[in-house]
Amino acid sequence: MYDLYHAVRAPEFAYTAISEAQKQQLIRMQFRAQMGSYAAQFPNSCYHIVLLDGNPVGRLWVAQQDEEFHLVDIAILPDLCSKGIGSALIQRLQGDAQQARMPIRSMVFRFNPGSLRFHQRNGFKIVREDLMYYYMEWRPAPLV
């Protein structure tokens, strides 16, 4: 899990004016904080390690709640982004949500345009926003 987090987040620190050791310490601290925060906010959630040819290439963290699926986090190794892996994971989750007749909700950091485009490409709509986040939702198709 840490290796994936590091691969996804390390480029954000590439041009910071701190030593490599400080970058590594900061990334490790943020990883621990994220894991602790997700576990505390979504105690009955679970994460799935995404494998490609037996190698870990991503994760999907979902909390199935009483009235929704909450997409806590999705991360794919940067060199495998835009290859359809994330969309395949979302489509599988959408199938589960369709069957359960529940929406999928997610929060997207406002300053992450790639994530916003990804969610919108996969059928999510912005239902509200604040200074830090877009609150996204995907709804199952109505029964006919």
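The values are calculated or read from the model by the stated rules, or taken from the named source; none is laboratory data. This structure is a prediction, so every number in the text was calculated from the model and none was measured. Cβ placement follows ideal geometry from the backbone for every residue including glycine, while neighbour counts extend to all protein chains displayed.
Put simply, of Arg92, Arg128 the only residue that is assigned by TED's automatic domain parsing to the domain that holds His70, closer than 19 Å to Asp73 by Cβ and surrounded by fewer than 14 Cβ atoms within 10 Å (Cβ to Cβ) is Arg92.
Restricting Phe69, Phe31 to residues that are modelled with pLDDT of 90 or more, buried (at least 16 other Cβ atoms within 10 Å of the Cβ), out of contact with any Lys or Arg (no Cβ under 6 Å at 6 or more places or on another chain) and among the aromatic types (Phe, Trp, Tyr) narrows the list to Phe69. Filtering Ser106, Ser115 for residues that are in contact with a strand residue (DSSP E or B) (Cβ under 7 Å, 6 or more places away or on another chain), closer than 23 Å to Asp3 by Cα, of a type in the set (Gly, Ala, Ser) and surrounded by 14 or more Cβ atoms within 10 Å (Cβ to Cβ) leaves a single hit, Ser115. One residue alone among Tyr38, Tyr47 is under 21 Å from Tyr134 (Cα atoms), in contact with an Asp or Glu (Cβ under 8 Å, 6 or more places away or on another chain) and among the hydroxyl-bearing types (Ser, Thr, Tyr), and that residue is Tyr38.
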